[in-house]
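Report on the following structure.
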């Protein structure tokens, strides 16, 4: 299957200037980017009419299935929200619940121009299944637990990552220092050392968390994990709001990425991630929406606006890079970070009405863009969303009904 | 015509607790708010199914017709943006251009749950005409100029404001200190003194503006206008970013309102309005989107999120109040600020999926709401938008085409 996207404004996100031209997609990859590409032998020609082509947004941190927890526990600070609202409900989750609740989130990603997500949640295999069925690219965060012992973690890591460019890849991490038991800690570390792989976790999201870590271990969460060797092969931290200068130094030395979640941090009133400072220290910051329970609207445009409000001096192009290329790389997806010949065809089309004189096209996208601006979402060479219509083989209203049933059942069980 | 909105969660925005009940609309007014209102004699009964009823959002500062300038001049700071991008194009505007460009903005307001706007732009009569034809409530800012001399300004003020609860009302102001000629200044002041009316203008939006005013007049813009007597009958300032403590004192003493435009200030990188400080000084701050040229997305939900990012300690209810009640009052619309028996039926319905456990329903709206959450927009007792459908007697695609033609013609004239 060959698709030709013609007459577009192409922003490859590889720091090259915008190109007015065409992209030829062959199967799941970009075969050619250039001007006036020949239409011979093409199965489908789409005239982009000057609209913008961009690598899809990558959601570098999420708990997608939290759609079933959406719109609850507002006003609680992180610790209370987790321990009194989320955890008791999550205790009731079955694998099929996670499967249903993930589908709803993935459908919203596709409509919002998000083409991949890095998901930490229960029953990752079901998250992978839900995503793959919809043709969505998902990075699973495997964790040591009663379902997934050390051997299983290694087996899953090797299995999911053995296929090149597959929809589902697998990384290893833990939830956070403040929820980490000894068994999980030791086994996760062993897996990391055995496979020589990066490590992912929530870190320094609240002042409370950092203070408690000092009380427990006499060091910050960053130093705690680093001293034990968790970061010996890199990885990424989610949130990273309360970092000391030493923490920044450690992350820098170990090559650990920073993933910020502006909308969720606002929702939970965590504090504000010092993104400008991280950029000044040479980090390529990535962006995640976090789960829809702490950020109802899965919307990278909103994340970029909130991030910008606290960092008015970051150029728009850098913010756009965070939401696309940096996030892809933080998620260890190095084949869909930019639009390049040979890379995966994970492409979105944004309405050119956003721009008129192109003084700064990135600024147009960051300041003018909204979910309505997404005209097309293509993942792995397949068009999943076009002109406000989802092109899926599944019944989307049924997905919402199924998710609602999960929510109702679990709320019922909690109230009993 | 009697409409009954049944089974709703009603937030009146008068600081009373949320009410689960019904609202009866008779003609253009709210006749009754209560529980189990009798359906006898009602023309239309709408089951709100637990969704939220709220006074419509009021857009306290806008230049709605700037839809024709949308998506241009990005990256320019305010002064350059105005003088090199906006003003040359605005010079080419005809009254009919403003009429066409206003319609597009009004349609977007209705879809976004905005039920009234305070508009400063060329040819206000045409803005009023476009708005009234669509059944939208608009406050016009009249200005002294070659079309509207002193006598005409007084005539228009008296004419528009003579009818109680009409769609269109009229206030008087100027653009800003830095664009004010002597003739406009003297005549505007005379009108204000003669009619004893409030005064409205852009003020202290950039550091540059304040600095220049000091150079010109030896005082801040606030003191400049206050000393001359412009604020003797109150009014409001748009933007109000760079206020000294003395400026704050003057606004407070004169009873002048503060209208903030968070999205536009971000777009133009003006700086951040110190909203928390104004609240601490006892102001009821109002919110405007500003014109769509400096804020593509006419979206009060986005304004509330951006405002909150810099003011994490303002309770969500206060932010919601800014976007509804405070804005109405700053616009001198004191009959659609809250939901009360006898007040105008300017009501929006928001999706109850935003909330689940109602710890703080205002927080749910502010943090979870987006334009998709708007299920109904009613202005003056008429439903103009319901279940994602506009209920207007005009062809909306033609409006966009007409606006596009204005844009193309003017850009063509500029490039010649």
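Read-outs: derived from the displayed coordinates by stated rules, not from any lab. Here the structure is a predicted model, which is why all the values come from computation and not from measurement. Methodologically, a virtual Cβ is constructed for each residue, glycine included, from the backbone with ideal geometry; neighbour enumeration extends over all protein chains shown.
For residue A:412, the point set 7 Å out from Cα toward Cβ sits 6.4 nm from its twins in the other copies, listed from shortest up. Going by the alpha-carbon gyration tensor, a ≥ b ≥ c the square roots of its eigenvalues, is the range B:321-366 rounded (a/c under 1.5) or, if a/c is not under 1.5, prolate (a/b greater than b/c) versus oblate? Since a/c reaches 1.5 and a/b is larger than b/c, the shape of the range B:321-366 is classed as prolate.
As an equivalent ellipsoid, the range A:191-304 spans semi-axes of 23, 16, 14 angstrom, where each value is the square root of five times an eigenvalue of the C-alpha gyration tensor, largest first. Shape class of the range A:264-416 from the Cα gyration tensor (axes a ≥ b ≥ c, square roots of the eigenvalues): oblate, since a/c reaches 1.5 or more and a/b does not exceed b/c. Relative to the longest principal axis of the Cα atoms of chain A, the long axis of helix A:95-111 lies at roughly 40 degrees. Prolate is the label for chain A, because the ratio a/c of its alpha-carbon gyration tensor axes (a ≥ b ≥ c) is 1.5 or higher and a/b is greater than b/c. Highest-first packing order for the peptide set B:142-154, A:390-402 is B:142-154, A:390-402, based on the mean count of other beta carbon atoms within 10 Å.
When Rg and Dmax are taken over the Cα atoms of the protein assembly as shown, they come to 27.4, 87 Å. Spatially, the range B:18-41 and the range B:340-409 are offset by 20 Å when compared through their Cα centroids. Highest mean packing first, where packing is the average number of other Cβ atoms within 10 Å per residue, the peptides A:77-83, B:39-45 line up as A:77-83, B:39-45. Residue by residue along B:344-353, Cβ atoms of other protein chains within 10 Å of the local Cβ number 1 on average.
Across the range A:57-330, C-alpha contacts under 8 Å between residues 6 or more apart give a mean separation that, scaled by the residue count, equals a relative contact order of 22 percent.
With the largest listed first and rounded to whole Å, the semi-axes of the equivalent ellipsoid of the range A:265-327 from the Cα gyration tensor are 19, 13, 10.
Using a 10 Å cut-off around each Cβ of peptide A:63-72, what is the average number of partner chain Cβ atoms that fall inside?
2
From helices alone, chain B scores -10500 deg cm²/dmol at 222 nm; the rule is -39500 (n - 2.57) for each run of n ≥ 4 DSSP H residues, then divide by the residue total. The listed peptides A:331-340, B:256-265, ordered by packing as a protection proxy, come out as B:256-265, A:331-340 (highest mean of other Cβ atoms within 10 Å first). Report the relative contact order of the range A:296-397, percent, no decimals, based on alpha-carbon pairs under 8 angstrom and at least 6 residues apart. Contact order relative to length: 23 percent.
Shielding by partners for peptide B:367-376, expressed as the average number of C-beta atoms from other protein chains within 10 Å of each residue's C-beta, is 4.
With both residues required to sit in the protein assembly as shown, DSSP beta bridges show an antiparallel share near 45%. In the range A:196-240, the inverse of the mean reciprocal separation of distinct Cα atoms equals 10.7 Å; this is its Kirkwood hydrodynamic radius.
Taking the square roots of five times each eigenvalue of the Cα gyration tensor of the range B:1-122, the equivalent ellipsoid has semi-axes of 41, 16, 11 Å, listed largest first.
Per residue, the Cα convex hull of the range B:239-348 amounts to 109 Å³.
Rg/Rh, computed from the Cα trace of the range A:348-416 with Rh as the Kirkwood radius, has the value 1.23. Here is how far apart the residue A:312 label points are across copies: 2.0 nm, shortest first, using a point 7 Å from Cα toward Cβ.
Convex hull of alpha carbon positions in the range B:298-348: directionally averaged projected area 4.0 nm². For the range A:139-256, would you read off the P(r) tail past 25 Å as a percentage of all alpha carbon pairs? Of the Cα pairs, 22 percent sit more than 25 Å apart.
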